[in-house]
Structure formats: structure tokens, C-alpha cells
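K.L.:
Below is one structure. I have some questions about it.
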Amino acid sequence: MKKNTSCVVVAYNPGINVIENISSYIHYFNKVFVIDNSYSDNVQLFEPLIQEFSLEYIPLLDNTGIAKALNIGFEKSIEYGYQFIISMDQDSQFNNNILDVYKAYIDEFGLKQLGALSPRYQVERAISKVSSKLYEEKTITMQSGVLFTKEVFQKVGLFNEALFIDVVDWEYFIRINKLGFKLIQCNKAVLAHQPAENLHLFTFKGKKFGVGVASPLRYYYQVRNLLWCLLHQKSFFMLKTILYKLCKVLFLFKNKKNYLRFIFKGVIDAFKNRLGRFDKIHGKS
């Protein structure tokens with residue numbers, strides 16, 4: 001399977017931790033593409049992996065959004081002739097050989113009706129529920145660590161670049177589901193995912209638990225895109241997520257007025273079908 005599988009990593013202002021994450025899985029792949037959404041060229045940072053593993057580094061020299069970066073990486077993978085593509089966030093790393101787990105599923109069940117294969121995510125701040133089932137059908141998931149097939153990608157189409165960032169993966173999996181393809185979570189495939197910031201709530205048996213924290217600008221994108229999917233894709237799961245995020249802002253976050261100001265802009269833009277990068281819509285805030 002290795003010779004038929006590429007990996008697409010979306011980077012943004014990467015540091016040495018990104019190199020460490022990629023190093024945890026690069027040897028499993030025939031080819032790794034790094035699509036860098038930074039404003040500067042970071043090729044020197046990736047030079048050791050380029051030399052040792054023939055990693056292909058593509059600097060965009062602009063923040064074009066995760067959807068566009070994924071589309072560039074996926075199209076490059078197809079151009080190189082790869083049948084399977086695994087997307088990775090820069091803050092994720094393999095806990096085990098995910099490709100072997102995916103191969104076992106494909107060997108047993110084949111590719112018929114398969115939209116994508118997902119790992120089980122291990123996040124430090126949350127209590128991880130481990131299912132006794134080897135495989136579970138899901139409706140949506142994160143895109144990091146997910147295996148896509150060339151054929152399904154070509155049928156479903158590109159990731160929605162207008163969303164820019166946040167909910168890009170959920171919207172894509174909704175489209176996969178509407179076309180009758182299945183998203184399967186392989187519980188023996190474990191991906192360690194480390195979101196940038198956490199708000200600590202409590203400690204249990206020496207382990208800290210909390211909720212994710214993001215900037216007011218990210219909450220603009222999240223609420224706008226969730227509401228847009230609710231309105232245009234009729235996905236009511238999005239409503240529950242919006243309410244959850246509002247509760248976090250109202251009961252847990254400081255600087256509530258600023259968060260609510262950005263959220264209100266997101267709501268208005270969703271109803272007006274006004275998508276894209278914030279500063280191109282509203283100017284610098």
C-alpha cells in the first residue's frame with residue numbers, strides 16, 4: 001500500500017515541532033507533500049527531510065486557507081499517480097502504523113462505497129473513549145489522518161475554498177455522505193492530535209482536562225461556516241456545535257464582548273452567503 005499512498009501536510013508558520021511530527025510518519029509513505037500557507041518560505045526548515053525522504057515542499061507565500069492547500073496537495077498527488085491520499089494537520093502525529101490498519105480494512109471489505117477511512121483521535125485534554133468495535137461508521141470527523149481515494153475525491157470534488165478555514169473537513173464529509181459513500185473510523189489506527197491552546201478545567205488522576213481555546217477571529221470562521229453548512233447543507237449537527245461554542249464563550253472565556261462581536265459578524269456573513277478570508281471581507285480588524 002505504501003507505494004500507492006501519498007501524504008499531504010498543511011503547514012502554517014511551522015516550527016521544529018512540525019518537523020518532529022512529520023518525522024513520526026514520513027517513512028510510512030512513498031511521498032509526502034508539505035503545502036505551506038505561511039507568508040515566508042520555510043524550505044530550510046524542511047531541508048533535512050527533503051534530502052533524506054524526498055519530501056516535496058510547496059510554499060504558497062500567502063495564507064490561502066486550509067481548503068486551497070489541501071486541494072493543491074491532493075491534485076499534486078493525483079498528478080503523481082497516487083491512488084490513496086492521507087491528509088495531515090501539522091500538529092498531528094502517528095501513534096502506530098495507521099496505513100497497516102487501513103490496509104487491513106481494505107483487504108477485508110474492499111473499496112466499494114468507501115468514502116474515507118479515519119483514525120481514532122487521541123487528544124490530551126479529553127477523556128478518550130475506546131470502542132470495542134474495530135470499525136465504526138461516522139458522519140463527520142476531522143481530516144487529519146484520514147485516507148481518501150483518488151476516485152472518490154474526483155467524484156466529490158474539491159474542498160470548499162470559500163470556507164477558508166474551520167469546518168472545511170466537516171462540509172466535505174457531508175458531501176461524501178450525500179453521494180452514498182461511507183466514512184469508516186478504524187479504532188486501531190490512533191492519531192495523536194495536539195490543538196494549539198487549552199483552557200484547563202480540572203485534573204483527574206494526575207491528568208489535566210479542559211476545552212479548546214481559539215482566538216475571536218477563529219470563532220468568527222467557526223460560527224460562520226457552521227451556520228453556513230446548517231443553512232446550505234441542512235446539517236443540524238452544526239446547530240449543536242454552534243450552541244456548544246456559544247456556551248464556552250459565555251461561561252468560560254474572558255473578553256466575552258470581543259468574542260461575541262466576531263461571532264455576530266460570522267452570523268451575518270453566513271446569512272448573506274459572504275464567505276472567504278475575513279480581512280478581504282471586513283478589512284483588518
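The values are calculated or read from the model by the stated rules, or taken from the named source; none is laboratory data. These numbers were taken from a predicted model, which means no experiment stands behind them. Using ideal geometry, Cβ is built from the backbone for each residue, glycine included, and neighbour counts are taken over all protein chains shown. Surface accessibility is based on the protein's heavy atoms, side chains included, excluding ligands, DNA and RNA. Shrake-Rupley method; radii C 1.70, N 1.55, O 1.52, S 1.80 Å.
K.L.:
Defining a contact as two alpha carbons under 8 Å apart and six or more residues distant in sequence, what relative contact order in percent does the chain show?
P.N.:
Taking the mean separation of contacting Cα pairs over the length of the chain, I get 18 percent.
K.L.:
Then there is this: Where the only charges are on Cβ atoms (+1 Lys, Arg; -1 Asp, Glu), what is the dipole of the chain about its Cα centre, to the nearest 20 debye?
P.N.:
Approximately 1500 debye in magnitude.
K.L.:
Mind checking the per residue accessible area of the chain for me, 1.4 Å probe, whole number of Å²?
P.N.:
Roughly 49 Å² per residue, with all protein chains present.
K.L.:
May I pose another question? Could you pull out the trypsin sites (Lys or Arg not before Pro) across the stretch 29-104 that fall in loop regions by DSSP (anything but H, G, I, E, B) with no more than 13 other Cβ atoms inside 10 Å?
P.N.:
Within the stretch 29-104, no trypsin sites (Lys or Arg not before Pro) qualify (loop, at most 13 other Cβ atoms within 10 Å).
K.L.:
Where nothing but the Cβ of Lys and Arg (+1) and of Asp and Glu (-1) is charged, how large is the charge dipole of the stretch 70-173 around its Cα centre, in debye to the nearest 20?
P.N.:
300
K.L.:
Give me the angle, in degrees from 0 to 90, between the Cα long axis of helix 98-109 and the longest principal axis of the Cα atoms of the chain, rounded to the nearest 10.
P.N.:
So the helix axis and the longest Cα principal axis differ by about 70 degrees.
K.L.:
Next question. Looking only at the chain, where both bridge partners belong to it, what percent of the DSSP beta bridges are antiparallel (to the nearest 5)?
P.N.:
If we restrict to bridges inside the chain, about 45 percent are antiparallel.
K.L.:
Radius of gyration and Dmax for the chain's Cα atoms, expressed in Å?
P.N.:
18.8, 53
K.L.:
While we're on this one: Projected onto the charge dipole of the chain (+1 at Lys/Arg Cβ, -1 at Asp/Glu Cβ, origin at the Cα centre), which of 140, 1, 53 gives the Cα projection farthest towards the positive end?
P.N.:
140
K.L.:
Moving on. Not counting the cut sites, what is the longest span of the chain without GluC sites (Glu not before Pro) that DSSP labels loop and that have at most 15 other Cβ atoms within 10 Å?
P.N.:
Answer from the scan: 1-123.
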